[in-house]
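Read through the structure below, which is laid out as structure tokens, and then see the notes.
Derivation of every value follows stated rules applied to the coordinates shown; laboratory data play no part. Computed from a predicted structure; not experimentally measured. Here the Cβ positions follow ideal geometry from the backbone for every residue, glycine too, while neighbour counts run over all protein chains shown.
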Amino acid sequence: MRISEFKFTSDNHFVVMEYYWLILNRTFLILITDNELIGIKVHGPVGVETSDALANLLPLTIDGDLQNPYSYISTKYIDRIKDFDLKSNDFLRANSSNFRIAKSDIVEIAYDKSKKWGMGYYPHDGKVYIRTKNDKKREFIILGSQSGQEIRNRLS
């Protein structure tokens, strides 16, 4: 299945941010299929505007309507994977941040409505936590005007 073949509906995908290496972050479009979650990296590090001229040399801020989760998606990342089968290992190799989680491997899904430290002025609706059988944990920050509770319910 290629991304162009995925039938997007209001309840089968969402956009999140995930922190890694303590302060860095990346943004994912997560597709919900019958058997798994497919995470497509759709943006690199995001930062907040600052008065520090050196920090502003790299454009890390998001332009557009910050309430709209699709504003956080950079099409260059989608273009890189558009010809890959999302269920193939080639898709995973296209970007080492891409992932797949089998639904049968998920043992816990939790929602925390509290704001994530470090998110600045970026609107978000808390975090959804996923824990798998091998005790791997993912913390997804729910970007824009999406409902973390609804996402948690869809995944349960």
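Using the number of other C-beta atoms within 10 angstrom as an exposure proxy, rank M1, M17 with the fewest first.
Numbers: M1 15, M17 22.
Listing M1, M17 from fewest to most nearby Cβ atoms yields M1, M17.
Most exposed first by the Cβ proxy, i.e. fewest other Cβ within 10 Å, how do K41, K137 rank?
Details: K41 21, K137 10.
Exposure proxy ranking, most exposed first: K137, K41.
Which label marks the calculated value of Kirkwood radius over Cα pairs in Å, given the options [x] 16.2; [y] 19.5; [z] 17.4?
Matching entry in [x] 16.2; [y] 19.5; [z] 17.4: [x].
Arranged by the count of other C-beta atoms within 10 angstrom, fewest first, what order do T33, T9 take?
Listing T33, T9 from fewest to most nearby Cβ atoms yields T9, T33.
Amide H of N25: which non-local residues (sequence gap of 5 or more, or other chain) have their own amide H closer than 5 Å, using H built in the peptide plane?
Y20, V46
Which lysines have a Cα lying under 21 Å from the Cα of K41, excluding residues fewer than 8 positions away in the same chain?
Within the straight-line cut-off, K41 pairs with K7, K76, K82, K87, K103, K116, K127, K136, K137.
Farthest toward the dipole's positive end in the chain, which of Y122, I62, S104, given Cβ charges of +1 (Lys, Arg) and -1 (Asp, Glu) about the Cα centre?
So the residue furthest toward the plus end is S104.
List the longest stretch of the chain that has no exposed loop site; here a site is one of the chymotrypsin sites (Phe, Trp or Tyr not before Pro) assigned by DSSP to anything other than H, G, I, E or B, with at most 12 other Cβ within 10 Å.
That gives 22-116 as the longest site-free run.
Calculated from DSSP H runs of 4 or more alone, at -39500 (n - 2.57) each and per residue, what is the 222 nm mean residue ellipticity of the chain, nearest 500?
-3500 deg cm²/dmol
With +1 assigned to the C-beta of every Lys and Arg and -1 to the C-beta of every Asp and Glu, and no other charges, what is the dipole magnitude of segment 3-155 about the Cα centre in debye, to the nearest 20?
That gives a dipole near 400 debye.
At 0.36 nm per residue, and after removing the present C-alpha to C-alpha distance, how many nm does the segment from S104 to T33 gain when stretched out fully?
That pair, S104 and T33, stretches by 24.3 nm at full extension.
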